[in-house]
Amino acid sequence: MMSFRPSLKRNSFFDGVKCRLKRKQLPFMGVLLAVMLFIVYRTTSYQSYQYQQTQMELELQPFDTLKESAVASGLLHGLPLGVVQASSDLELKPLWSSSSSRSKVDNSSHRNLLAIPVGIKLKDNVDAIVRKFLPQNFTVILFHYDGNLDSWSDLAWSNKAIHIVAQNQTKWWCAKRFLHPAVVSIYDYIFLWDEDLGVENFHPGRYLEIVRSEGLEISQPALDPNSTDIHHRITIRSRGKKFHRRVYDSRGSTRCSDASEGPPCTGFVEGMAPVFSRSAWYCTWHLIQNDLVHGWGMDMKLGYCAQGDPTKKVGVVDREFIVHQGIQTLGGGGPPRKKTSKRAKLIKRTGASHMDSRVEIRRQSSWELQIFKERWNEAVKEDKLWVDPFKGNQKHRRRRHSHHHHHIKFNHLT
């Protein structure tokens with residue numbers, strides 16, 4: 001029996017050592033586990049952060065895909081990638097600069113763009129519009145459709161604006177050719193306005209504060225009820241409201257109720273004074289048809305570019321409103337004149353041998369509208385994966401209305 005005691009002592013000694021080692025290892029293993037969990041957490045958080053940053057960058061700079069697609073196509077294989085610039089802007093640059101000004105970096109934020117087709121007959125009105133916008137960090141581009149450029153040089157801001165002369169060309173023709181998304185990518189909002197708008201009760205800065213706070217991707221200022229040309233009730237200013245997204249109207253051929261989920265009852269702005277976010281303009285530019293220059297029918301489809309639910313992302317701002325003067329100048333029109341007598345009208349009719357340009361423009365516009373409708377319908381028919389956001393909202397709203405009606409009925413019965 002004595003021969004076994006040393007062995008037992010050694011075994012108990014080793015067991016004690018192992019136990020102590022295990023006890024010492026437990027805190028170490030706990031620390032190691034905590035470190036590993038921290039590393040996993042940091043990695044996951046960083047990946048989540050990177051994803052969020054990527055999504056933000058895509059929203060803020062959706063035009064970087066132009067560079068990626070060009071590189072992928074092989075068209076830029078002769079250039080080192082770092083030198084490729086796929087976007088531009090409309091900012092005027094000096095021919096030379098001092099060394100001190102070169103070192104200055106333009107850190108201005110919330111740059112915006114105002115684009116207007118203009119003719120000399122409405123010079124004073126355009127002057128009033130531009131003087132409202134320039135102090136609010138806007139870049140201004142004017143499309144001169146009457147060829148008269150020299151007569152604008154006496155305005156104090158003229159040399160700060162970009163002037164493009166395109167004889168008898170429309171707003172949409174100019175926008176398609178000169179406002180490509182890659183060229184206007186630095187601007188937060190693009191105002192594509194007509195020239196016959198009164199801005200006495202409009203402030204661009206306050207307008208954009210409302211647009212941003214309400215998440216409106218496509219918008220327009222409301223029209224004063226006393227405006228000359230009002231085509232859709234939804235554009236009329238609602239007194240006491242900051243903005244509105246829909247209208248209720250039981251009169252006329254188009255009736256608007258809470259069940260209405262499409263233009264012109266909701267998700268609608270008119271073509272005279274639309275305002276687009278950067279992302280909405282990217283979509284809108286692709287919607288503009290290159291050969292259909294009058295843009296008729298465009299306003300009914302702008303909601304599809306709202307980057308989400310058009311019944312929520314499109315709105316009319318009431319607090320900052322404008323007056324539509326209804327002056328048609330493109331194609332030979334002009335400010336409203338005094339009424340002429342019936343005899344004078346008869347003499348003019350019988351003696352006139354020249355073509356009435358306004359009649360021809362309206363005929364062309366109607367033809368383009370029909371072509372645009374046909375193209376839209378054909379595109380919808382061919383694209384099997386496309387989902388109409390307005391119809392999707394209608395189904396959801398019908399289900400919600402049905403559920404709400406059933407709930408009320410059940411409560412009434414109980």
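The values are calculated or read from the model by the stated rules, or taken from the named source; none is laboratory data. The structure displayed is predicted, hence computed values, not measured ones. Because the Cβ atoms are built from the backbone with ideal geometry, glycine has one as well, and the counts that use them run over all protein chains shown. Heavy atoms of the whole protein, side chains included, go into the accessibility calculation; ligands, DNA and RNA do not. Shrake-Rupley method; radii C 1.70, N 1.55, O 1.52, S 1.80 Å.
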Subject >> Heavy atoms of Thr139 accessible to a 1.4 Å probe, total area in Å² rounded to 10 >> reply: 20
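With respect to the cross-link table entries Lys171/Lys373; Lys242/Lys301; Lys176/Lys301, which display a Cα-Cα separation exceeding 22 Å?
Values: Lys171/Lys373 20 Å; Lys242/Lys301 24 Å; Lys176/Lys301 16 Å.
Violating the 22 Å Cα-Cα cut-off are Lys242/Lys301.
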Original post:
What are the aspartates and glutamates whose alpha-carbon lies under 16 Å from the alpha-carbon of Lys121, with same-chain residues fewer than 8 places away excluded?
Top reply: Asp146, Asp150, Asp154, Asp194, Glu195, Asp196
**OP:** Return the carbon/sulfur percentage of the accessible area of segment 109-324, one whole number, probe 1.4 Å, all protein chains in place.
**Re:** 46
Original post:
What whole-number value in Å² describes the accessible area per residue of segment 109-324 for a 1.4 Å probe?
Top reply: 39
Subject >> Cβ charges +1 (Lys, Arg) and -1 (Asp, Glu), total dipole of segment 109-324, debye >> reply: 540
**OP:** Roll a 1.4 Å probe over the protein heavy atoms and report the accessible area of Lys313 in Å², nearest 10.
**Re:** 60
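Restricting to bridges with both residues inside segment 109-324, how much of the DSSP beta-bridge set is antiparallel, in percent to the nearest 5? Before the final figure, lay out the partial values.
Values: 11 of 33 bridges.
So the antiparallel bridges amount to about 35 percent of the total.
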**OP:** With a 1.4 Å probe and every protein chain left in place, tell me how much accessible area Ile361 has, in Å² to the nearest 10.
**Re:** 40
Original post:
Which of Gly267, Ile322, Met300 sits closest to the plus end of the dipole of segment 109-324, meaning its Cα is farthest towards the positive end, when Lys and Arg get +1 and Asp and Glu get -1 on the C-beta?
Top reply: Gly267
**OP:** Can you run the Rg to Rh ratio on segment 204-295? Use alpha carbon positions and the Kirkwood inverse-distance Rh.
**Re:** 0.97
Subject >> Sequence of Tyr248, Tyr304, Tyr187 when ordered by accessible area, the most exposed leading, probe 1.4 angstrom >> reply: Tyr248, Tyr304, Tyr187
Original post:
Cα gyration tensor of segment 109-324, axes a ≥ b ≥ c as square roots of the eigenvalues: rounded (a/c below 1.5), prolate (a/b > b/c) or oblate?
Top reply: prolate
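Under a 1.4 angstrom probe, counting protein chains only, how are Cys305, Cys283 ranked by accessible area, largest first? Mind showing how you got there, number by number?
Working: Cys305 5, Cys283 40 Å².
Reading off the accessible areas and sorting them downward yields Cys283, Cys305.
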